[in-house]
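Contents: one structure, followed by commentary.
The values are calculated or read from the model by the stated rules, or taken from the named source; none is laboratory data. All of these numbers come straight from a predicted model, not from anything done at the bench. Here the Cβ positions follow ideal geometry from the backbone for every residue, glycine too, while neighbour counts run over all protein chains shown. Remember, those area values only see protein heavy atoms, side chains included, never the ligands or the DNA or RNA. Shrake-Rupley method; radii C 1.70, N 1.55, O 1.52, S 1.80 Å.
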Amino acid sequence: MTESPVRPAGTPRRALLLPFLLLFLTGGLGSPAPVQAQEDVTVVFLVRHAEKVDDSRDPELSDEGRLRAAALAEVLEYSGIDRVLSTDYIRTRDTAAPVAKALGLTVELYDPRDLSGAADGLLAQGGRVLVVGHSNTTPDLVQALGGDPGPTLEDSDYDRLYMVTIHPDGTSTTVLIRFGVPTKS
């Protein structure tokens, strides 16, 4: 059996569909929404940092974590993100860095001890933002934004990507996507 010429060998179909799903859900495909409506919608992508080398206070990313951070940059390449936020830890900054680099942005720091203030700032500024946090802060920030954090985020979960869309009327929708690390074929 031969691989499809459209899909690189070893690339799961869902990995190729994910960017299209994100574009569709954020208004990047299909009929264009009125300009005013698109500007008033805030879209916040939230992830926990990628895999770390150990359980020390401020560890670096593992090899798998670096691959996951690169995969995140590929997934979000066409998302229209205009800001990237991270807590001030090596593992979160290094998870955010490939996305920021791919989009020509600088990683901004936020305080994970003030999630209410972070949510207020995100809502006030609007736009499309990636926020990289931790297993004990990311679901709480999703909720502070009016989103649904879904099932408990376990310490072993590194594959969740939340997309919280906040509409001008204050309502929000949440999409939870799981993304993987590319496998070697």
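Only residues that are basic (Lys, Arg) and more than 15 Å from Arg128 (Cα to Cα): list them for segment 56-109, please. Of everything in segment 56-109, those that are basic (Lys, Arg) and more than 15 Å from Arg128 (Cα to Cα) turn out to be Arg57, Arg66, Arg68, Arg91, Arg93, Lys101.
Of the residues making up segment 150-158, at least one is among the acidic types (Asp, Glu) and open to solvent by less than 40 Å² (accessible area, probe 1.4 Å). Within segment 96-120, residues that are among the acidic types (Asp, Glu) reach partners that are surrounded by 13 or more Cβ atoms within 10 Å (Cβ to Cβ) and assigned to a helix (DSSP H, G or I) with beta carbons closer than 8 Å, at six or more positions or on different chains, in the pairs Asp111/Ala118. Picking from residues in segment 105-132 that are open to solvent by less than 70 Å² (accessible area, probe 1.4 Å) and among the small types (Gly, Ala, Ser), the one that is farthest from Ala71 (Cα to Cα) is Gly117. For Thr95, the criteria (1) under 23 Å from Val41 (Cβ atoms); (2) open to solvent by less than 30 Å² (accessible area, probe 1.4 Å) hold in every case but one, which is (1). Assessment of segment 41-49 against the conditions (surrounded by 12 or more Cβ atoms within 10 Å (Cβ to Cβ), in contact with a Gly (Cβ under 7 Å, 6 or more places away or on another chain), modelled with pLDDT of 95 or more and among the charged types (D, E, K, R)) yields at least one matching residue.
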